[in-house]
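*Asks:* Shown below is the structure under consideration.
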Ligand code: SF4
């Protein structure tokens, strides 16, 4: 099947190498017509060139994939409806009493050899919080030992009612420094992947551009809100303690589709230890919401050949979103 220009632009933006036959550039075919090569047209030229500008325009005008193949969804699972988001009127905003005050740092610090004393809101309380209260509760959370080494919590980013939700794993060093998920090279790759789908993590468009629609927007959150020291893998207990925050974020956003990136995001949302390679290519469900499994951008940066698989996963996500009935 021939690749259309939009898909070519997406592959380019994700850094996936590809080949296609040379196209004759003039009425007189070149001597090597029919040969296969990595043509200049496949690769954006240097910054400022016409080719680079063309590639940028193609990505910037990208819309959800059209004419996509029908998605083979698994038999529907019993659905549990998401709890409606709390209205966002000012009068319903967080009351100070709903947010547990942060304990004095030395009061919660474990002594050597002691388990970390959990100090955090109960899951039943977290499940009732609105956005401001949830953010404040996470910022004050000391429910697991990661509070000892974090610089700050990393809550989430994006439009609070975006149609797409991206769930990653845990903050890294850059996220811990800036307090935002998916920054640095992995974040840039994620942004390219979103742009290829016509999506953005921005909450609002620049003042000189038309307003964004929730269908164009993605909310991004991690499974863990604090960075594990030296980027080690999260401990099961840390994931268990932090899980109610992500659950509440999903309930508030009410996404139409979730993209779970990486092993720990998949474990948290699907409750499975199966490898990502065995879970890809299917539409799963989280609380009735379609969920697509794919690799974490940080993994893709270390395993470039798997970018092509991530591209397939994005196509499946776009096709699944297209097939959903209007909201
Ligand atoms: S990782 Fe989650 S549960 Fe642990 S301290 Fe941070 S916010 Fe609290």
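*Asks:* Just wondering, is there one or more residues in segment 215-227 that are away from the ligand (no atom under 16 Å from the Cβ), over 20 Å from residue 144 (Cα atoms) and at pLDDT below 95?
*Replies:* There is at least one residue in segment 215-227 that is away from the ligand (no atom under 16 Å from the Cβ), over 20 Å from residue 144 (Cα atoms) and at pLDDT below 95.
*Asks:* Restricting attention to helices (runs of 4 or more DSSP H) lying wholly within segment 129-213, give those where 3 or more residues are at pLDDT below 95 and more than 16 Å from the ligand (Cβ to nearest atom).
*Replies:* Details: elements: 131-140, 173-178, 184-196.
Hits in segment 129-213: 184-196.
*Asks:* A further question follows. Only one of 278, 248, 241, 282 is over 27 Å from residue 130 (Cα atoms), outside any loop (DSSP other than H, G, I, E, B) and out of contact with any strand residue (DSSP E or B) (no Cβ under 7 Å at 6 or more places or on another chain); which?
*Replies:* Details: 248 fails: over 27 Å from residue 130 (Cα atoms); 241 fails: over 27 Å from residue 130 (Cα atoms); 282 fails: outside any loop (DSSP other than H, G, I, E, B).
After ruling out the rest, the residue left standing is 278.
*Asks:* For segment 309-318, indicate whether the set of residues that are free of Cβ contacts under 8 Å to residues at least 24 places away in the same chain and surrounded by fewer than 17 Cβ atoms within 10 Å (Cβ to Cβ) is non-empty. Even if it seems obvious, please write down each step before you answer.
*Replies:* Within segment 309-318, the first condition is being free of Cβ contacts under 8 Å to residues at least 24 places away in the same chain, and the residues that meet it are none.
No, segment 309-318 contains no residue that is free of Cβ contacts under 8 Å to residues at least 24 places away in the same chain and surrounded by fewer than 17 Cβ atoms within 10 Å (Cβ to Cβ).
*Asks:* Another question, if that's okay. Suppose we filter 253, 266 for residues that are at pLDDT 95 or above, more than 29 Å from residue 204 (Cβ to Cβ) and buried (at least 22 other Cβ atoms within 10 Å of the Cβ); which single one remains?
*Replies:* 266
*Asks:* Something else now. Only one of 308, 260, 218, 298 is assigned to a helix (DSSP H, G or I) and closer than 19 Å to residue 165 by Cβ. Can you tell me which? Spell out the reasoning first.
*Replies:* On the way: 308 fails: closer than 19 Å to residue 165 by Cβ; 260 fails: assigned to a helix (DSSP H, G or I); 218 fails: assigned to a helix (DSSP H, G or I).
Result of the check over 308, 260, 218, 298: 298.
*Asks:* Now for a different question. Of these, 238, 243, which one is under 22 Å from residue 174 (Cβ atoms), in contact with a helix residue (DSSP H, G or I) (Cβ under 7 Å, 6 or more places away or on another chain) and within 9 Å of the ligand (Cβ to nearest atom)? If you could, list the steps in order and put the result at the bottom.
*Replies:* Working: 243 fails: under 22 Å from residue 174 (Cβ atoms).
238 is the lone residue from the list that is under 22 Å from residue 174 (Cβ atoms), in contact with a helix residue (DSSP H, G or I) (Cβ under 7 Å, 6 or more places away or on another chain) and within 9 Å of the ligand (Cβ to nearest atom).
*Asks:* Answer yes or no as to whether residue 171 is in contact with a strand residue (DSSP E or B) (Cβ under 7 Å, 6 or more places away or on another chain) and either farther than 21 Å from residue 233 by Cβ or in contact (Cβ under 8 Å) with a residue 12 or more places away in the chain (or both). Reasoning before the result, please.
*Replies:* On the way: in contact with a strand residue (DSSP E or B) (Cβ under 7 Å, 6 or more places away or on another chain): yes; either farther than 21 Å from residue 233 by Cβ or in contact (Cβ under 8 Å) with a residue 12 or more places away in the chain (or both): yes.
Yes: the conditions hold for residue 171.
*Asks:* Another question about this same structure. Given 161, 195, which one is at negative phi and surrounded by fewer than 17 Cβ atoms within 10 Å (Cβ to Cβ)? Working first, answer last.
*Replies:* Numbers: 195 fails: surrounded by fewer than 17 Cβ atoms within 10 Å (Cβ to Cβ).
Testing whether each residue is at negative phi and surrounded by fewer than 17 Cβ atoms within 10 Å (Cβ to Cβ) leaves just 161.
The values are calculated or read from the model by the stated rules, or taken from the named source; none is laboratory data. Because the structure is predicted, anything quoted here is derived from the model rather than measured. Quick reminder, even Gly has a Cβ in these numbers, built from the backbone with ideal geometry, and neighbours come from all protein chains shown.
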